[in-house]
Structure formats: C-alpha cells, structure tokens
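The values are calculated or read from the model by the stated rules, or taken from the named source; none is laboratory data. No experiment lies behind these values; they were computed from the predicted model shown. Virtual Cβ from ideal backbone geometry, glycine too; neighbours counted across all protein chains shown. Calculation scope for accessible area: heavy atoms of the full protein, side chains included, ligands and nucleic acids excluded. Shrake-Rupley method; radii C 1.70, N 1.55, O 1.52, S 1.80 Å.
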Amino acid sequence: MTNTKTHILITGASRGIGKSILDAVQSDQSLAVGQSTAGGDDLLQADFVQANATSVFWNEALDRMNGQIDVIINNAGIFDPNPLDNPDDQWLANWSRTMQINLTASAELCRFAVHHWQERECSGRIVNIASRAAYRGDSPKHWHYAASKGGMVAMTKTIARAYASQGILAFAICPGFTMTGMAEEYLESRGGDKLLADIPLGRVAQPEEIAEMARWCALDAPPSMTGAVLDANGASFVR
C-alpha cells in the first residue's frame, strides 16, 4: 500500500484462521493488533455481545496503534447450532447472538474505519472473512450462520461501491471447511468422509491458506479488485 508501516487490526485472532492471519501479516512493514473475547497473549479483549464493546475496542486499538489504523480484517465469528425446534425465545436469542457477533460487530467496525479514513483523508482497506455458506447456504441448524455471512458479503460489496473513489477498498473471503476446532467438530458430527467426498480437492482448507489470501488482500491486492469476493473451498462450490 505505502512505503510506511501498515497498521492492521484483526478480530477473532486467538486461534484458527484469525491467529494464522495475525502471524501472516506480522512483519517489519506491518504493525498488527489482534482481538479475542478473553484477551491475553497481547490480544485486546472485547466481547462483541456486550453493549458498546465494539466502540471501546476500536478506541483501545487506536491507542495501541498511535491513532492510526490502515486495515481492518473482520474474522470474529461463531458457528453455534440453532435447531428449528428450539423454543421460540431460545431460537431467536441464538439468532440474535450470531448476528451480533458475525455481522453487526463487523458492520460497526467497518463504519468506524470508514469514518476514520474519511476524517484523515486517507485510503484504507477492509477484509471481511465470510463463508461459502453466504452463497451455498448451510445446514438446517445454521440458518443464522448462513444469513450472517450472506449479509457480510453484501455489506462488503456496498462499501466497495460507495467509497472506492475515496481510496477505501473492501474485499471478502469465503472459505469452505477450514481445519479449525469449529470445523473439526462439525465434520465429525456430519460424517467427515462423506463431506470430504464433496470436495474435489479431497481435503479441507488449512488456516494458513486463508491467512495468505487475507494478507494479500490487506497489503498487495490491486485497487481495481475492490468489491471482489474470493472463494477458498476446494471447488466444492463454484460460482
């Protein structure tokens, strides 16, 4: 992006894809700060279910990075099942919690970032980690997850169209199954061999593969790519 150090903020950075992204972008040219719900290990603590958590987190991140954020990578998310026959109030509560963490918190952070860059009259980049489910859908227990990721893709495209002329770029990455603890449990519950047979590549993605895509979008992707949605699913779903 520039010859100066790039300040990168990453949510959901304690494990899996997020931790791999944090590792991938750390360099002499980048200053990266990560977030997790529990904090620790030099990560900023933020529980996005809590009121005002995103704004407090954003301001703490600005303090940590001397008032400058150049890139935000929204990776925080949950994949909790929500069976259709749950009691009404429980089903709605599960829906709302997933939307808050997976979509609303990301939207708030994107909004803070756009305002930050507009006020500074500088460019910036947003990288949103969505999912194959945004296009293919998901299991009957995961309406809420698919809807949250579909919303993230639509939001990314809207940001790209709205602010490209100001140098504000937005990209989305849609992984399929990725070898994280969350996906491993799901594969086991659904019969891993059968699901793997649906992936022409013959395996699920590794977190490092998604991290490299995120690093490239954050630092090297050409501006004309803004609005792009990149798939990483081993050809299990092609568009």
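Annotations for the structure displayed:
- Across region 198-239, the qualifying residues are those that are of a type in the set (S, T, Y) and touching a residue at least 40 places away in the same chain (Cβ under 8 Å), and the one among them that is surrounded by the fewest Cβ atoms within 10 Å (Cβ to Cβ) is S236.
- Hits in region 21-38 (condition: open to solvent by less than 20 Å² (accessible area, probe 1.4 Å) and out of contact with any Phe, Trp or Tyr (no Cβ under 8 Å at 6 or more places or on another chain)): I21, V25, S30, A32, V33, G34, S36
- When A24 is tested against the conditions (1) touching a Lys or Arg at 6+ places or on another chain (Cβ under 6 Å); (2) closer than 23 Å to A172 by Cβ; (3) part of a strand (DSSP E or B), the lone failure is (3).
- Verdict on F48 being of a type in the set (F, W, Y) and crowded, with 23+ Cβ neighbours inside 10 Å: yes
- Near pairs, Cβ below 7 angstrom, 6+ apart or cross-chain, from region 106-117 (touching a residue at least 40 places away in the same chain (Cβ under 8 Å)) to any residue that is polar (S, T, N, Q) and assigned to a helix (DSSP H, G or I): E108/T54; L109/T54
- Close pairs from region 49-66: first at negative phi and small (G, A, S), partner crowded, with 17+ Cβ neighbours inside 10 Å and assigned to a helix (DSSP H, G or I), Cβ under 9 Å, at least 6 apart: A53/A105; S55/E108; S55/F112
- Some residue of region 27-35 being at pLDDT 95 or above, assigned to a helix (DSSP H, G or I) and over 19 Å from A134 (Cβ atoms): no
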